[in-house]
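Everything below concerns the one structure shown next.
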């Protein structure tokens, strides 16, 4: 490895006062000169761990970085799209420091290559120059229903048009995009970026039907009655994890997704103290949103320490810069009401860290006699999300596991019901966007094989038995 390595190019960002008062995108993107300079830091490994180990999609990272080095931006963008269905989105929301950049060989002794920023640059450049049309193959006469318009549904729809199958995407929301459009703040992922991706799909012939729920306007059985040859389910994980804490129904205690979906003019917290419970990226998004809505104080209370937080280190750093405070090693016990009936504080208990759990993070254990109160005018619960097991098995007629995730063949997306496939968070539990894209593409390939050959036994041999399933 070369001894003299140029420093990593800094990503241009909004100034701090603008960040604290605006929902505009923080990262402004590389200029062409910055992108080329950063790309030329790459040593183009022959066995690139960034791709083989770090990236769930196994993006061809050194290959398209080499094209950026040669200033072949259109070719680089085209290459990113051979393995990813939304590189302009993944490059913005994936935790690269834990994935591709975390596996960068240069990063062992120097700063890792800014892989995410380079991926974003070439795809933004391609969009600005009209270089990213989605080509549809000649019609095959086969039609697929996609239920859910989030990243897995979008990825699958793209693949179906690539192969020439007609596709209709149904979603409970009126605007497509799933959590990408309604659950991520604009400073992290501008809605325009998601809409641009959808325009590519609709220009290629994908049809969208909003305001549609399984079991209301149509059932899955109806979809198979002369309408569709296969059904692909990508309904995500929208059901919040709600601990049984006293006072959880008090006014002022809200779910993170409800808080985030309020938008800039949604839940008003100006002049308030806001406390967010949780340690993931959704907690970070909520606290940073509170700052932008005028909260006088925004705190994140988390039961482990900072090194054991599941969220992106990049997001933590930016949250601190914007004034978010962190209260580590505390766990909530109850929400306390004030004289007006609204939440006024959260009773918490101090925690100590014990042995690592199955995920390698140290288990928090209560410290006796350590109860205290944390003042809060608004308390945001960000404990995570899971698929809604109360109706999924019944309406879809598929087997679920004990957590409410749809059981599938991991390689083909086939469920226990012939002709029905699934992918994304409804099979994984709440997970990364890139993994939703990966499973969506795999399931699309499984459906393609089903449409061509109709051999269900070949697609579903690895679906686990429904032992303990919820149905």
Residue within the range 151-165 that is surrounded by fewer than 19 Cβ atoms within 10 Å (Cβ to Cβ) and part of a loop (DSSP other than H, G, I, E, B) present: yes
Filter result for residue 178 (more than 23 Å from residue 277 (Cβ to Cβ) and either in the same structural domain as residue 445 (by TED's automatic domain parsing) or surrounded by 18 or more Cβ atoms within 10 Å (Cβ to Cβ) (or both)): yes
Positions within the range 347-363 being under 25 Å from the mean Cα position of the chain (by Cα) and either surrounded by fewer than 11 Cβ atoms within 10 Å (Cβ to Cβ) or free of Cβ contacts under 8 Å to residues at least 40 places away in the same chain (or both), in sequence order: 357, 358, 359, 360
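Looking at 32, 10 in this structure, which one is out of contact with any strand residue (DSSP E or B) (no Cβ under 9 Å at 6 or more places or on another chain), surrounded by fewer than 12 Cβ atoms within 10 Å (Cβ to Cβ) and over 23 Å from residue 434 (Cβ atoms)? Talk me through it step by step, then tell me what you get.
Values: 32 fails: surrounded by fewer than 12 Cβ atoms within 10 Å (Cβ to Cβ).
Criteria check complete, one pass: 10.
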Every residue from the range 285-314 that is within 15 Å of residue 258 (Cα to Cα) and touching a strand residue (DSSP E or B) at 6+ places or on another chain (Cβ under 7 Å): 286, 287, 290
Selection from the range 285-340 of residues that are under 27 Å from residue 246 (Cβ atoms) and free of Cβ contacts under 8 Å to residues at least 24 places away in the same chain: 338, 339, 340
Of all residues in the range 292-318 being at pLDDT 95 or above and in contact with a helix residue (DSSP H, G or I) (Cβ under 6 Å, 6 or more places away or on another chain), the one that is farthest from residue 268 (Cα to Cα): 300
Subset of the range 123-150 (residues that are in a loop (DSSP other than H, G, I, E, B), in contact with a helix residue (DSSP H, G or I) (Cβ under 8 Å, 6 or more places away or on another chain) and surrounded by fewer than 24 Cβ atoms within 10 Å (Cβ to Cβ)): 129, 131, 132, 133, 134, 135, 136, 137, 140, 142
Failed criterion for residue 275 (all others in (1) within 29 Å of residue 151 (Cα to Cα); (2) buried (at least 19 other Cβ atoms within 10 Å of the Cβ) hold): (1)
Sole residue being at pLDDT 95 or above, within 30 Å of residue 222 (Cβ to Cβ) and not assigned by TED's automatic domain parsing to the domain that holds residue 428, chosen from 103, 149, 85: 85
Conditions (1) more than 28 Å from residue 23 (Cβ to Cβ); (2) at pLDDT 95 or above; (3) in a helix (DSSP H, G or I); number of the one not met by residue 348: (3)
All helices (runs of 4 or more DSSP H) inside the range 1-104 with 1 or more residues being over 21 Å from the mean Cα position of the chain (by Cα) and free of Cβ contacts under 8 Å to residues at least 12 places away in the same chain: 16-21, 32-39, 73-80
Test result for residue 95, surrounded by 24 or more Cβ atoms within 10 Å (Cβ to Cβ) and either touching a strand residue (DSSP E or B) at 6+ places or on another chain (Cβ under 6 Å) or under 16 Å from residue 50 (Cβ atoms) (or both): no
Sole residue being assigned by TED's automatic domain parsing to the domain that holds residue 268, out of contact with any strand residue (DSSP E or B) (no Cβ under 7 Å at 6 or more places or on another chain) and within 30 Å of residue 235 (Cβ to Cβ), chosen from 358, 339, 379: 358
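The values are calculated or read from the model by the stated rules, or taken from the named source; none is laboratory data. None of these values were measured; they are calculated from a predicted model. Note that we place each Cβ from the backbone using ideal geometry, even for glycine, and neighbour counts take in every protein chain shown.
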